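The values are calculated or read from the model by the stated rules, or taken from the named source; none is laboratory data. If you're wondering where the values come from, they're calculated on a predicted model, not measured in any experiment. Here the Cβ is made from the backbone with ideal geometry for all residues, glycine too, and neighbour counts use every protein chain on show.
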Amino acid sequence: MKQSPFIVAIAAALLAACASTPAPVVSNPPAATVPSTPSVATVDVTGSEPALQGSKVSAAQLAAAVKAAPDQRSAQALLNGHSVYFDFDQSVVKDDQRGVVEGNAAFLNRFSSKVLVQGNTDARGSREYNLALGQRRAESVKQSLEVLGVKPAQIEAVSFGKEKPRAEGDSEAANAENRRADFVYPQ
Amino acid sequence: MSATVSGFWPRLFALLLLSMTAAANLARADLSVEVIGGGSNRYPVAIVPLQGESLLPEAITATVKSDLAMTGAFSLLETAAGDALAAPAQLNAAAWQQRGARAVVYGKLVSLGGGRVRLTFWADTVSPREQKLSAEFDLAPEQLRDMAHRMADMVYEALLGEKSLFSSRIAYITQSGKEYRLQIADMDGRRAQTVLRSRLPIMSPAWSPDGTRLAYVSFEQQKPVIYVQDLVSGQRRVLANFRGSNSAPVWSPDGRRLAVVLTTSGNSQVYLINADGGGVQRFSYSDAIDTEPAFSPDGRQIVFVSDRSGSPQLYVQALDGGRNARRVTFEGNYNVSPTFSPDGRQIAYVRREGGRFKVMLLDLASGDNRLISNSAFDESPSFAPNGKMVLYASEEGGRSVLYAAATAYPGRVRLGTLGGQVQDPAWGPFNP
C-alpha cells in the first residue's frame with residue numbers, strides 16, 4: 001500500500017474575522033495550509049440621478065422656446081425629459097429627432113454650458129458591447145450638435161449601454177424607449 | 001462520547017452559534033447550489049460522513065459533497081452516519097467495491113479543547129486498495145468552511161490527478177431596485193460579501209491575478225469610470241477616467257497592466273494601461289467598435305470583439321505583432337464576450353442565434369465551436385482557474401441566475417439567487 005504524505009497543520013488560535021492561515025506544525029512533505037478567506041471591506045458610494053421633469057414644450061418648438069426663454073434656468077427646464085430616439089441597431093439621428101438636437105444646440109450656443117450626452121441601448125446582449133453601441137449613439141448626437149455650432153469642448157459623449165433602461169421588460173415599446181440618448185447638464 | 005470530548009463540544013457549539021448569528025445577515029444574500037445533469041463517465045466515490053461531525057452546526061461533509069458534485073466529474077454514493085470510519089484499518093474495501101465505489105473518503109473530528117478541533121481524513125481507492133490521501137488539520141471554528149473546500153480540493157486532486165477549484169472565489173453584480181452591489185463569494189455562491197454598494201450601475205468586475213483586487217466599471221460619476229479596489233482594505237482609486245467612456249477592464253497575467261476600452265478617439269477602442277493608471281497606449285486600430293478584450297494566459301495575445309466586418313466578431317491580436325488582428329469566428333453575426341481558457345487552447349464566448357444567446361467554446365487548434373449552455377439568455381462567461389468549468393449569467397422566468405457548466409461533461413450547476421438580479425459573474429484565480 002502506498003502512503004501519501006501525511007499532512008498536519010495547526011490553526012493559529014481563534015483569530016479575528018479576518019481569518020488566519022494556519023502554519024503547519026508537523027509535516028511529512030509537503031506542508032499544506034487551510035486557505036483562509038479574508039473578510040472584505042464594503043465601500044458605499046451614493047451617487048445621484050438627475051431629477052427628471054417633463055418639458056412643457058414639444059420637440060419641434062424646442063429651439064425657438066430655448067432662444068426666447070428669459071434665463072438659463074428656465075431654458076434648461078424646457079429641455080428636461082427630451083431624448084433622441086434611435087431605430088434598432090442604428091446610431092443615425094433621424095430627421096424626426098432633429099428638433100431635440102436643435103433645442104439642445106440652441107441652449108449650448110446661447111449659454112456656453114457643458115453637457116454629458118449619454119447613449120443607451122435596449123436590454124439584450126453583452127453589457128460591454130451594448131456600452132459601445134450606446135457610445136456610438138452618443139458620438140452621433142455629439143456630431144449633430146457640432147454641425148449646429150456647438151464647440152467640441154462643450155460636449156462629452158458617454159454611454160450607459162443597457163444599464164439605465166427607462167422602460168423595463170422586453171416588449172418592442174420598451175426596447176424603443178430604451179434606444180435613446182439623454183442630455184445631462186451640470187446641476 | 002468520551003469524557004475528554006464532552007467538555008469541548010458545548011464550547012465549540014456556543015462559538016459557532018455566535019459566528020452564525022453574525023453570518024445570518026450575509027446568508028440572506030447567499031446563492032445556493034443545484035446540480036443539473038452530469039457526466040456519463042463520472043468517478044463513483046463514497047463520501048462517508050466524518051465521525052464526530054453530527055454535533056457540528058455546519059457539516060464539513062455536506063460542503064465536500066456539493067463541491068465534488070458540482071463539477072460533474074463525480075457520482076456520489078449514498079452514505080449514512082453509520083458508515084463512519086475512524087481509521088484506515090476499519091475500511092472494508094470489498095464491501096465498498098460491491099456498493100459501486102471506486103474510492104472512499106472518510107475521516108474523523110476530535111476535540112483539542114480551547115475551541116479547536118482536529119480533522120483527520122483519508123481517501124482510498126478500493127480496487128486495488130491504495131491510500132491516495134491522508135491528512136490532518138487543527139482548526140478553529142471559523143475555518144470549517146474554508147477547510148471543507150480545502151478537503152474537497154485535496155480529494156479532487158488525489159483522485160483525478162488534476163488541479164482543483166473549490167478554494168477559488170467569484171465576483172458578480174447584484175441589482176435590487178435602485179441598489180447595485182459588487183459582491184464576492186465562495187465559488188459555490190456561499191458566504192457572499194459586499195465589496196461596493198452604489199445607487200448607480202456597476203459592471204465588468206475583473207480579478208487581479210493575485211486575487212487581492214478587483215477592477216470594475218462604476219457609473220457613480222454619471223459616466224463609466226474604471227476603478228481598482230483592494231478587497232481587504234476597501235481602498236479604491238480611479239484607474240481610468242478619460243473623456244468619454246472607460247470600460248471593459250481586464251488584467252494582464254503578470255498583473256502589471258490592464259487592457260481597457262476608451263473612447264478618446266471618438267469610437268470604442270482597446271488600450272493598455274499600467275496598473276498604476278499611467279503609460280496609456282492604444283492597442284486596437286479600427287474606425288469601428290473594438291471592445292471586451294481578454295489576455296491569453298501567456299500574456300502575448302489579446303482576444304477582443306470588433307464589428308469592423310459589419311457584425312461583432314472575435315479577433316486575436318499579438319501584443320508585439322503590429323496592428324494585425326486575426327478573425328477567429330466566422331459563424332453567426334453576433335459573437336461577443338470572449339475569454340481564454342487557462343491553458344490558452346480555447347475561447348469561451350457568447351453567440352446570438354435566432355434571438356437566443358448561448359455560451360460557446362471555440363477550440364483554437366481545430367476551429368470547432370461547441371455549445372455549453374442551454375438557456376435563451378446566457379452571457380458573461382468566465383473560466384474556473386483550472387479550466388474545468390465555465391461560469392455564466394442566465395435568465396429563468398424573468399430572473400437572472402448564475403450557472404457553472406463543466407467543460408468536459410454535459411453537467412451544469414445552478415447557483416440560484418434568493419432575490420434581486422445577479423449578473424456579470426467573474427471567476428477569480430486560485431487562492432494564494
TODO: Take A:Arg124 and decide whether it is in a loop (DSSP other than H, G, I, E, B) and basic (Lys, Arg).
DONE: yes
TODO: Search the stretch A:156-180 for residues being within 13 Å of chain B (Cβ to nearest Cβ) and in a strand (DSSP E or B), and hand back the single one that is farthest from A:Arg137 (Cα to Cα).
DONE: A:Glu156
Task: Residue that is facing chain A (nearest Cβ under 9 Å), touching a His at 6+ places or on another chain (Cβ under 7 Å), touching a residue at least 12 places away in the same chain (Cβ under 8 Å) and crowded, with 22+ Cβ neighbours inside 10 Å, where the choices are B:Asp153, B:Asp186 - done: B:Asp186
- [ ] Go through (1) under 14 Å from the mean Cα position of the chain (by Cα); (2) at pLDDT 90 or above; (3) part of a loop (DSSP other than H, G, I, E, B) one by one and return the number of the condition B:Pro381 breaks.
- [x] (3)
Task: Candidate set from the stretch B:259-280 (those that are within 20 Å of A:Gln118 (Cα to Cα) and of a type in the set (A, V, I, L, M)); member that is nearest to the chain's Cα centre (by Cα) - done: B:Val260
Open item on the list: Which of the strands (runs of 3 or more DSSP E) found entirely inside the stretch B:287-354 contain at least 1 residues meeting this: over 25 Å from A:Arg136 (Cβ atoms) and more than 11 Å from chain A (Cβ to nearest Cβ)?
Closed with: B:290-295, B:301-306, B:313-318, B:335-340, B:346-353
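Here is a yes/no grid of residues against (1) within 11 Å of chain A (Cβ to nearest Cβ); (2) more than 29 Å from the chain's Cα centre (by Cα); (3) in contact (Cβ under 8 Å) with a residue 60 or more places away in the chain; (4) surrounded by fewer than 17 Cβ atoms within 10 Å (Cβ to Cβ):
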| residue | (1), (2), (3), (4) |
| --- | --- |
| B:Arg236 | yes, no, no, no |
| B:Ala240 | no, no, no, no |
| B:Trp251 | no, no, no, no |
| B:Arg257 | no, no, no, no |
| B:Arg282 | no, yes, no, yes |
Open item on the list: Criterion first (surrounded by fewer than 14 Cβ atoms within 10 Å (Cβ to Cβ), among the acidic types (Asp, Glu) and in contact (Cβ under 8 Å) with a residue 40 or more places away in the chain) does B:Asp298 satisfy it?
Closed with: yes
TODO: State yes or no: is B:Thr212 over 19 Å from A:Gly161 (Cβ atoms), within 7 Å of chain A (Cβ to nearest Cβ) and surrounded by fewer than 24 Cβ atoms within 10 Å (Cβ to Cβ)?
DONE: no
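Only one of these is at pLDDT 95 or above and under 30 Å from A:Asp170 (Cα atoms): A:Ala153, A:Ala105, A:Ala132, A:Ala123. Name it.
Result of the check over A:Ala153, A:Ala105, A:Ala132, A:Ala123: A:Ala132.
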- [ ] Taking A:Ala123 as meeting all but one of (1) touching a strand residue (DSSP E or B) at 6+ places or on another chain (Cβ under 8 Å); (2) within 11 Å of chain B (Cβ to nearest Cβ); (3) in contact (Cβ under 8 Å) with a residue 12 or more places away in the chain, write down the number of the exception.
- [x] (1)
- [ ] Kindly provide the set of residues from the stretch B:125-143 that are in a strand (DSSP E or B) and within 28 Å of the chain's Cα centre (by Cα), ordered by number.
- [x] B:Lys132, B:Leu133, B:Ser134, B:Ala135, B:Glu136, B:Phe137, B:Asp138, B:Leu139
TODO: Looking only at the stretch A:88-100, decide whether some residue is part of a loop (DSSP other than H, G, I, E, B) and within 9 Å of another protein chain (Cβ to nearest Cβ).
DONE: no
Task: Condition check for B:Arg169: in contact with a Ser or Thr (Cβ under 8 Å, 6 or more places away or on another chain), among the basic types (Lys, Arg), surrounded by 17 or more Cβ atoms within 10 Å (Cβ to Cβ) and within 11 Å of chain A (Cβ to nearest Cβ) - done: yes
- [ ] Would you confirm whether any residue within the stretch B:114-121 is at pLDDT 90 or above and more than 14 Å from chain A (Cβ to nearest Cβ)?
- [x] no
Task: Search result, residues across the stretch B:212-234 that are in contact with a strand residue (DSSP E or B) (Cβ under 7 Å, 6 or more places away or on another chain) and in a loop (DSSP other than H, G, I, E, B) - done: B:Thr212, B:Phe219, B:Glu220, B:Gln222, B:Lys223, B:Pro224, B:Leu231, B:Gly234
Task: For B:Thr174: the one exception among (1) free of Cβ contacts under 8 Å to residues at least 12 places away in the same chain; (2) crowded, with 22+ Cβ neighbours inside 10 Å - done: (1)
Open item on the list: When you scan the stretch A:2-13, do you find a residue that is outside the structural domain of A:Gln143 (by TED's automatic domain parsing), modelled with pLDDT under 50 and of a type in the set (D, E, K, R), even just one?
Closed with: yes
TODO: Have a look at B:Arg191, B:Arg181, B:Arg145, B:Arg129 and point out the one that is closer than 30 Å to B:Gln221 by Cβ and at the interface with chain A (Cβ under 10 Å from one of its Cβ atoms).
DONE: B:Arg181
Task: Only one of B:Lys163, B:Lys223 that is out of contact with any Leu (no Cβ under 8 Å at 6 or more places or on another chain) and basic (Lys, Arg) - done: B:Lys163
Task: Among (1) touching a Gly at 6+ places or on another chain (Cβ under 8 Å); (2) of a type outside the set (Asp, Glu); (3) not assigned by TED's automatic domain parsing to the domain that holds B:Thr339 - the single one B:Ser198 does not satisfy - done: (3)
